[in-house]
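Structure first, commentary second.
The values are calculated or read from the model by the stated rules, or taken from the named source; none is laboratory data. What you see is a predicted model; the values in this text were computed from it and never measured. Positions of Cβ are backbone-derived with ideal geometry, glycine not excepted, and every protein chain shown enters the neighbour counts. Protein only, heavy atoms only, side chains kept; ligands, DNA and RNA dropped before computing areas. Shrake-Rupley method; radii C 1.70, N 1.55, O 1.52, S 1.80 Å.
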Amino acid sequence: MRCLALKLFQTNGVMYKYYSVIFIFLFGALSSIFLNKYWNYTPYVYDQTRHLIVRRPFSIIDYDDHEYVDSNQNAHELIIRETDVDVVSDQDNLEALMSLVAANEMKSMGKGEKALKLIEHGIALAPKNPDLLNGYGELIETLRDDILTADQMYYQALIHSPKHKEALINRKRTQIIVDDLDWQQLKRIDEKRDKMALISDSNMALRRAKKEAYFQHIYHTVGIEGNRMSLSETRSILETRMAIGGRSIAEHNEIIGLEAALKYINATLIHRLGSISVDDILEIHKRVMGFVDPLESGVFRQTQVFVGGHVPPGPSHIGTLMENFSLWLNSESTLRQHPVRFAALAHYKLVHIHPFTDGNGRTSRLLMNMILMQAGYPPVIIPKGERHKYYRTLEFANKGDIRPFLRFIAECTERTLNQFLLSTTTEFSTDIPELDYDNIIINES
C-alpha cells in the first residue's frame, strides 16, 4: 500500500506540487478549532470561580476585631462557597422587570395587594434584583407599615447593588427606626429578666415552671432536628427511662444525650468563672452525640460536609477557626455586648463553622443557652413549629444580614420569659402577650 501511494505521487505531478499546501491547510484548520475551544473554555472557568467564591465569611471577620491565631498550619482566609449559584435567564429577568412595572401601575391605581403579589412573583423569578427588592420594601412599608421587613429588603438590595440610589435613601431613613426598635426590645427583655430575678428560688410555681421548661427545651431542641417524639413521650423517657414503642433507638438516644449535655452545663459551666474554651464545646458535643454516635462525639470532623447552599470550611481549617472562635468568645469587646446579642452571635458563628459531622445545631443552641443562663436568663426555647423561620433567618445571615437572626433569638428569649412570668405571678401587666401554645407546647406528632 505504501509503495502504491509513493508511485501515485511520483506519477502525478499535480498532487505532489500541492502536497505542502494541503498539509498547511489541514494544520491551520486543526489549530483554529483547538484555539476556538480553548478560548471559550477559559472565561467560562473564570466566571464560574468568580461566582462560587463570593466573599469572606460574615461570622469570622465581621462584627468584631478578631484576628487569626498564628499557627504552623496555613490558615487561609475563610470564604463562603455557594453550591446553588443563581442563574437567571434573560426571559425570567424580563418577566420579573415587567412584574415590577405592572406592580407600580397597580400601586398608582390604589390596588396595593395586587401590586404586592406581582412584585412577589418578580422576586421569585429574580431574587437578587435590587430594583425588585427595593420596590417590595417600599410596598411593605407603605401598605402594611412593616418597617422591619422593609428595612430588610432595602438591606438585601444594597448587598446586591451597594450604590442603588433608592435603596440607599430608604435604608438611611429606616435604619434609625429599626435600631431603636431592636434596642427597645432588648430593654423590655432585661426588665422581664429583672422581674423574674426577684422571685425566690424556693417558689413552688417557679420550680414547676423550670421543670416544665426543662422538658419543653429538650423536646423542641431535638424536634427541630427531625426527632418524632411527642412532648409526653419525651417526658416519659426522661422520667422513667422506659423505651417508647414505634420510635427508633436514635430518637431515644438524642433525647438522653441532650439531657446529659444540659446537666453538664448546669452543674459546671454556668457557675464557673473564667473563659469558655474549645474543650468546653467539645465536652458539650461529646454528651450530645455520645449516645447516638460515640466515635464522632467530642471530636472535630475529618470530612467535608454540605449544609443546603452553604459549604462550611474544610476540615483542615477547623482547628484554627475554633481557636479564633474561642478568642472571640472571651474578648473584651464581645463581653461588652448585650447578652442576648452575644449568645445569638455565638450560636451563628459556631453553626457557620460547622465543626462536627453531626450535632452542630444542638451544640450551638446549648452554647447559646449557656451564655444566657450565665447572664441570668432562662434557657431559650426555639419552638419546633418555627424551624422554617429559624433556618430562614440563618440563611439571611449567610447572605450577609444577621439582624433577622438576632431579632428571632430575641423574640424567643422574650417569649420564654413571658412563659415563666405567666407561670409564677398571680398579677401581671397586660403588656405580656398570650403564648402560642400550638407552637410551644402542643406540637405533638
- Item | Subset of region 324-339 that is surrounded by fewer than 17 Cβ atoms within 10 Å (Cβ to Cβ) and without any contact (Cβ under 8 Å) to a residue 60 or more places away in the chain - its residue that is nearest to the chain's Cα centre (by Cα) | Gln337
- Query: Going by the conditions given, is Lys263 open to solvent by 40 Å² or more (accessible area, probe 1.4 Å) and within 24 Å of the chain's Cα centre (by Cα)?
  - Reply: no
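Quick grid of which residues meet (1) among the hydrophobic types (A, V, I, L, M, F, W, C); (2) touching a Pro at 6+ places or on another chain (Cβ under 6 Å); (3) closer than 25 Å to Ser275 by Cα:
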site: His317; (1), (2), (3): no, no, yes
site: Gln337; (1), (2), (3): no, no, yes
site: Leu350; (1), (2), (3): yes, no, yes
site: Thr357; (1), (2), (3): no, no, no
site: Arg365; (1), (2), (3): no, no, yes
site: Gly385; (1), (2), (3): no, no, no
site: His388; (1), (2), (3): no, no, no
site: Arg392; (1), (2), (3): no, no, no
site: Arg403; (1), (2), (3): no, no, no
- Item | Scan of region 202-230 for residues that are surrounded by fewer than 18 Cβ atoms within 10 Å (Cβ to Cβ) and not in a helix (DSSP H, G or I), ordered by number | Ser202, Asn203, Glu225, Gly226, Arg228, Ser230
- Failed condition for Phe356, given (1) buried (at least 22 other Cβ atoms within 10 Å of the Cβ); (2) not in a loop (DSSP other than H, G, I, E, B): (2)
- Query: When you look at Leu321, is it open to solvent by less than 10 Å² (accessible area, probe 1.4 Å), assigned to a helix (DSSP H, G or I), closer than 24 Å to Met196 by Cβ and at pLDDT 95 or above, yes or no?
  - Reply: no
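Yes/no per residue for (1) open to solvent by 30 Å² or more (accessible area, probe 1.4 Å); (2) assigned to a loop (DSSP other than H, G, I, E, B); (3) at pLDDT 95 or above; (4) more than 23 Å from Pro313 (Cα to Cα):
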{"position": "Arg341", "(1), (2), (3), (4)": "yes, no, yes, yes"}
{"position": "Leu345", "(1), (2), (3), (4)": "no, no, yes, no"}
{"position": "Met368", "(1), (2), (3), (4)": "no, no, yes, no"}
{"position": "Pro378", "(1), (2), (3), (4)": "no, yes, no, yes"}
{"position": "Arg407", "(1), (2), (3), (4)": "no, no, yes, yes"}
{"position": "Glu414", "(1), (2), (3), (4)": "no, no, yes, yes"}
{"position": "Glu427", "(1), (2), (3), (4)": "yes, yes, no, yes"}
{"position": "Thr430", "(1), (2), (3), (4)": "yes, yes, no, yes"}
{"position": "Asn439", "(1), (2), (3), (4)": "yes, no, no, yes"}
- Item | Matching residues, region 296-312, being in a loop (DSSP other than H, G, I, E, B) and either more than 11 Å from Lys286 (Cα to Cα) or in contact with a strand residue (DSSP E or B) (Cβ under 9 Å, 6 or more places away or on another chain) (or both) | Arg301, Gln302, Thr303, Gln304, Val305, Phe306, Gly308, Gly309, Pro312
- Message: Against the conditions (1) of a type in the set (S, T, N, Q); (2) more than 20 Å from Phe215 (Cβ to Cβ); (3) more than 26 Å from the chain's Cα centre (by Cα), where does Ser232 fall short? Just the number, please.
- Response: (2)
- Listed by first then second residue, the pairs whose first member lies in region 131-152 and is free of Cβ contacts under 8 Å to residues at least 12 places away in the same chain, whose partner is open to solvent by less than 50 Å² (accessible area, probe 1.4 Å) and not charged (D, E, K, R), with beta carbons under 6 Å and at least 6 positions apart or on separate chains, are Asp146/Ile140
- Item | Complete set of residues in region 386-395 that are more than 11 Å from the chain's Cα centre (by Cα) and open to solvent by less than 40 Å² (accessible area, probe 1.4 Å) | Glu386
- Message: Contact list please: Cβ distance under 7 Å, first residue in region 277-299 and closer than 23 Å to Asn324 by Cβ and of a type in the set (Val, Ile, Thr), second residue open to solvent by 60 Å² or more (accessible area, probe 1.4 Å) and part of a helix (DSSP H, G or I), pairs at least six apart or on different chains.
- Response: Val278/Glu323
- Query: Which one of these does Ile199 not meet: (1) closer than 20 Å to Asn266 by Cα; (2) not in a loop (DSSP other than H, G, I, E, B)?
  - Reply: (2)
- Item | Of residues in region 153-167 being under 22 Å from Leu406 (Cβ atoms) and touching a helix residue (DSSP H, G or I) at 6+ places or on another chain (Cβ under 6 Å), the one surrounded by the most Cβ atoms within 10 Å (Cβ to Cβ) | Tyr154
- Message: I'd like the full set of residues that are touching a His at 6+ places or on another chain (Cβ under 7 Å) and closer than 11 Å to Lys349 by Cα, limited to region 325-336.
- Response: Trp328
- List the helices (runs of 4 or more DSSP H) that sit entirely inside region 83-165 and contain at least 2 residues that are over 23 Å from the mean Cα position of the chain (by Cα). 90-108, 112-125, 130-143
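Would you pick out the residues in region 237-252 that are crowded, with 16+ Cβ neighbours inside 10 Å and part of a helix (DSSP H, G or I)?
Looking only at region 237-252, we keep the residues that are crowded, with 16+ Cβ neighbours inside 10 Å, and these are 237-238, 244, 247, 251-252.
Ile237, Leu238, Glu251, His252, listed by residue number.
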- Query: Got a number for residues in region 272-285 being open to solvent by 20 Å² or more (accessible area, probe 1.4 Å) and either within 21 Å of Thr334 (Cα to Cα) or within 23 Å of the chain's Cα centre (by Cα) (or both)?
  - Reply: 7
